[in-house]
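Below you'll find the structure, written out as C-alpha cells, and then a few comments.
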Amino acid sequence: MCLISQASLGFCHFGVYAVLLNLYLLRLDYDLRFVGLVNAAGQLLFAVSSLLAGLVGRRWGNRRMMIVGMCLAVAGYGLLPLVRLPLVGLESIWLVVTYSLAWFGLAQMIVNMIPYLMDATSPEERTYVFSMVGAILALSGFLGGLVAGLLPALFAGALGVTLDEPTPYRYPLLIPLGVLILGFLALLATPGCRRRAPPGDGS
C-alpha cells in the first residue's frame, strides 16, 4: 500500500506536473523569471523541510507524517490549478504558496518513507523493497509524462479552444488529484509499525 502511494506521487509530481506546470504558467502570461521563482520556491522549501521532516517523524511517527504529507500534497496540487477562480486573489502569491505546499508535503512523504519501510520490512526484504520504490517512482513518472503530453490537445479539441490558452492545461493538472486521493487511501491502509531497537540496545 505504501508503494501505491509513492506511485501516485510519481505520476503527479514527476509526471504530469513536470510536463505541464511550466506550460500552464506561460499560458497564464507569466514570464520566465516568475516560472523560475515558482519552481525554485518549491524546491527550496523541500530542501529546508526535509531537514526537519526526519526529526518530526521520529517524534510523531513516520506513518503519521506520511499521511500528513500526503494531505498537504493533495491540497497543494488540488488548489494550484484553481488560480483563475473569481474568489482567488493575488494570483502570483497563490501559485507560489500552493506549489510550495505540495513540495512540503512531498518532503514529508519521501523523508519518512525510508524509516517506515525499514521498520515494516525485514533486512532480507529491504533491498528488494527499496529497489521497488525507485522503480515505481520512475515508471509512474514516465506514465504521468506520457499522459500529460496527450491531454492538453484532447481538452483543447473538446472545449473548442487553442493550445495557446491556459484552459487546456488547467484541467489536466486537476486529473492527478484523483490519483493522489487513491494514494492517500492506500496510505491509510498501511499498518502502523513499532520502531525496532538498534542492535545491542536491549538486554
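Read-outs throughout are calculated quantities, based only on the coordinates presented, and are distinct from any laboratory measurement. Model, not experiment: these values are computed from the prediction. Because the Cβ atoms are built from the backbone with ideal geometry, glycine has one as well, and the counts that use them run over all protein chains shown.
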Those trypsin sites (Lys or Arg not before Pro) from the range 112-197 that are DSSP loop and have at most 14 other Cβ neighbours within 10 Å turn out to be Arg194, Arg195, Arg196
Length gained, Phe34-Leu52, 0.36 nm per residue minus C-alpha separation, equals 3.7 nm
For the range 113-194, Rg(Cα) over 2.2 N^0.38 Å is 1.55
One can check that the equivalent ellipsoid of the range 37-102, built from the alpha-carbon gyration tensor with semi-axes equal to the square roots of five times its eigenvalues, has lengths in Å, largest first, of 26, 14, 7
Here the range 77-143 gives, from Cα atoms, an Rg and Dmax in Å of 17.3, 55
In Å³ per residue, the alpha-carbon convex hull of the range 1-160 encloses 123
